[in-house]
Every structure is written in C-alpha cells, then in structure tokens.
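The values are calculated or read from the model by the stated rules, or taken from the named source; none is laboratory data. Predicted model only: the values in this text are computed from it and were never measured. Cβ placement follows ideal geometry from the backbone for every residue including glycine, while neighbour counts extend to all protein chains displayed. Note: accessible area is taken over every heavy atom of the protein model, side chains too, but ligands, DNA and RNA are not part of it. Shrake-Rupley method; radii C 1.70, N 1.55, O 1.52, S 1.80 Å.
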Amino acid sequence: LDLDKMKTTFVSQASHDLRTPLTAIKGSLDNLALGVAGELNEKQTRVIHRAINSVNRLSDLVNDLLNLSRIESGRLILEKSNISINTLIQATIYENNPTADQKRIQIATDLAPEDINIHVDISKMERVIGELVGNALKYTPEGGTIEIHSNKNQTHAIVSVKDNGIGMTKDECTKIWERFYRTHASQKIAKGSGLGLSIAKELVELHGGSIQVESQVNQGTTFTVLLPIEAK
C-alpha cells in the first residue's frame, strides 16, 4: 500500500512538473508556426507542425497520468450539474466532425426523442464520450460508419457508440480496461498511451455508472455506457 501511495504521489508530481515546460514549448512552436519569428518555407512548416503534433500527444499523456493519479488517490473532484444526454452527444459529434470528414466516415445518430437528463461532471463525461467516438474514428477505415444511440431504462441513460472497424477478440475485450494496454492491431493503426479507456471506465464508475464492450474481429465494436438518470 505504501508503495502504491509513493507511486501515485510520484506520478502526480512528475505530471505537474512536466506541464509547465510543455506549455512553454507548445507556445513557442505555435508562435513559430504563425510566423512570429519570420516567414517559414514549406519544409520548415512541415517540421514545425510535426513537432506541434508530438507535443500535443505528450501533453495528452501527461494529462492522462495526472487524471489517473487523482482518481487513484481519491482527489478527483466531480463538479456535477444537469445536462441532457443528447446535448452531450451532439457536442462530441460537433468536435469530431472534422476528423470524420477527413476520413469520409459517416456519423449516424439515433437519439432519444425526449430529453434524458443526467447529473454529471460535464467536462469529465465529455471526455468519456469523446474517447469512445475518437476511438471509433481511429479504428474505422475510410468510408466507414459510426452509429451513436441514446435511450434509457427505468434508472439509467444509455449511450452506445458502434463502429464497423477492426474489432477485437474476446480476450482483448477484457484487457482493454487495463492501463497502458493496446491491442496488437490498434498499435499498427494509431498512436496512443493505452490509458484512455481505463480513465473513461474509472470516470463512468465514479458517476455510479458502468461501461461495457462487445466486439468481433474485422466486424466492429460497440461500447455502451449506462449513467444514472437525474432524480426528479
């Protein structure tokens, strides 16, 4: 237990310490890309944008580690308010539309006709839905389709994100919730830390909900999130 506490403290402190220089590096690179230090030629622009992409990935990893350490230590504070599940979904789709357009992926929706209100930390739940939609976009081939559904039962709002991408084996479906785990096929297609789904699961469970996955290799994957409906 002491070792786990030391590890969590170290990860938290290291993540904090890394954020400041990363912010400074990103700011400098953004300024260079904007031509603040002089006009760039095409080759210089490509190099700068590659560096910016790398810094963004590193920044995402640091934020993931920081969130993970906060969850582990019980220091993650949920700032809850009421929101319609459909509003949450539509905001996530809007954010991901440029990537979908680039890959010619159609995002189809079948949303509940009535408002289903949930009491959640909106930014954290945007992170969860965004992770599922982002993953679907990563692992669905060009010209594919992603379906997003919302519904409810007596006690929970239900959101499902279904793709027709690379899919997973049954064994992989159980392992994807582990920290840093990435399937063999996913490593070939896209870069990532293997922390996103682990954090998403932790965040959903902190809200009293659950997350499940069903998948078949080369057939696609469906993630389903259940969240308690706001009490009337």
Q.
Run lengths n ≥ 4 of DSSP H only: what is the helix-derived mean residue ellipticity at 222 nm for the chain, with -39500 (n - 2.57) per run over all residues, to the nearest 500?
A. -18000 deg cm²/dmol
Q | Helical segments meeting 27 Å axial Cα length and Kyte-Doolittle -1.0 threshold in the chain (DSSP H) | A | 2-33, 42-73
**Q.** Accessible surface of the chain, 1.4 Å probe, proportion on carbon and sulfur as whole %
**A.** 51
Q) Say each of K103 and V47 gets a label point 7 Å from the Cα, pointing the same way as Cα to Cβ; how far apart are those two points in nm? A) 3.1
Q: In a Gaussian network model over the chain where Cα atoms closer than 10 Å are linked, find which of D115, D64, D163 has the largest mean-square fluctuation.
A: D115
Q.
Relative to 2.2 N^0.38 Å, what does the C-alpha radius of gyration of the chain come to as a ratio? Two decimals please.
A. 1.10
Q. Chymotrypsin sites (Phe, Trp or Tyr not before Pro) within the stretch 177-232: which are DSSP loop residues with at most 16 other Cβ atoms inside 10 Å?
A. W177, F180, Y181
Q | Average Cα contact separation per residue, the chain, under 8 Å, 6 or more apart, as relative contact order % | A | 18
Q. Between the stretch 13-88 and the stretch 176-232, what's the alpha-carbon centroid distance in Å?
A. 22
Q) Hey, what's the chain come to in accessible area per residue, 1.4 Å probe, Å²? A) 58
Q.
Antiparallel versus total DSSP beta bridges in the stretch 99-203: what percent is that, nearest 5?
A. 60
(Q) Taking a ≥ b ≥ c as the square roots of the Cα gyration tensor eigenvalues, with a/c under 1.5 meaning rounded and otherwise prolate when a/b beats b/c, else oblate, which class fits the stretch 11-66? (A) prolate
Q) Within the stretch 17-124, which GluC sites (Glu not before Pro) sit in a loop by DSSP and count at most 14 neighbouring Cβ atoms inside 10 Å? A) E39, E79, E114
Q | Charge dipole (debye, nearest 20) of the chain; +1 at Cβ of Lys and Arg, -1 at Cβ of Asp and Glu | A | 580
